[in-house]
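Some notes on the structure that comes next.
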Amino acid sequence: MDFSKVSVEVRKQSGKGAARKVRASGKVPGVLYGHKGEPVAVTLDERALLQSLDKERRRNTVFSLVVAGDGGKNEQVTAMIRDAQIDPLSRRLMHVDFLRVDLDHEVHVTVPLILTGKALGTVNGGNLHQSMHAILIAAKPAAIPTKLEVDVTPLDIGMALHVSDLKLAAGVRALLDPKEAIASVVAPKAEKVEAEAAPVEGAVPAEGAAAAEGAAAGGEAAKGAAGAKGAAAPAKGGAAPAKKEGEKKGK
């Protein structure tokens, strides 16, 4: 497998001050470390690095670094970008960390996950939900895939695909729980609609009904009071004749 070639130069000075000087000269500071080797401070050309990036692999590009040392002594190192600092305003490259890699040993990288096909459940009214957009894998540098694709066509409502369903090439393994969901089809959520009841002809609103009920209760109470008053009146009126008879006897 052919790797992208990039030339870097060893720099003796390190630290923030030295890094600023490198940037002022139009170069990018960086460091090369890993694989039981001593860290080496380097400088590189930003444009050359960006042009050497694989358009599909991006940060997973494997480089063949030509490290130029003192006295014109060059060393060729296989490396990958471990980290890159980018200025948030200018979007210029500020610093690059290169990791030495061994072609016979696995490296841990993240690759994009692409869903293909049209899920059956979406035809039946469901919604496709993608839980992961990238997968952490382990593979030898030459075996790192540019992306992982998974067909979601068989998924119906209530079904899901998991990490264990990924079809990985030989020498590639996922570093996630096999039971973790990648994508699923879920039923659409019922929308909450506040339906207002249509007024029924002759129906009394709640407030009116309460008022009517209170008025009716008041009417019944008044009627009862009147009845009670009327019942007391005969008793009072009935006492008068008895008194007159007594008076007649007295006379």
- prompt: What tally of residues in region 9-30 results from selecting those that are out of contact with any Phe, Trp or Tyr (no Cβ under 7 Å at 6 or more places or on another chain) and outside any helix (DSSP H, G or I)?
  reply: 12
- prompt: Which one of these does Glu46 not meet: (1) under 35 Å from the mean Cα position of the chain (by Cα); (2) touching a residue at least 60 places away in the same chain (Cβ under 8 Å)?
  reply: (2)
- line: For region 69-94 the number of residues that are surrounded by 15 or more Cβ atoms within 10 Å (Cβ to Cβ) and of a type outside the set (Val, Ile, Thr) is 6
- prompt: If you go through region 157-168, how many residues are surrounded by 12 or more Cβ atoms within 10 Å (Cβ to Cβ) and not in a strand (DSSP E or B)?
  reply: 7
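Laboratory data are not the source of any read-out in this text; all were calculated from the coordinates shown. Please read these numbers as outputs of a predicted model, since none were measured by experiment. All Cβ positions, even for glycine, are placed from backbone atoms using ideal geometry, and neighbour counts span all protein chains on display.
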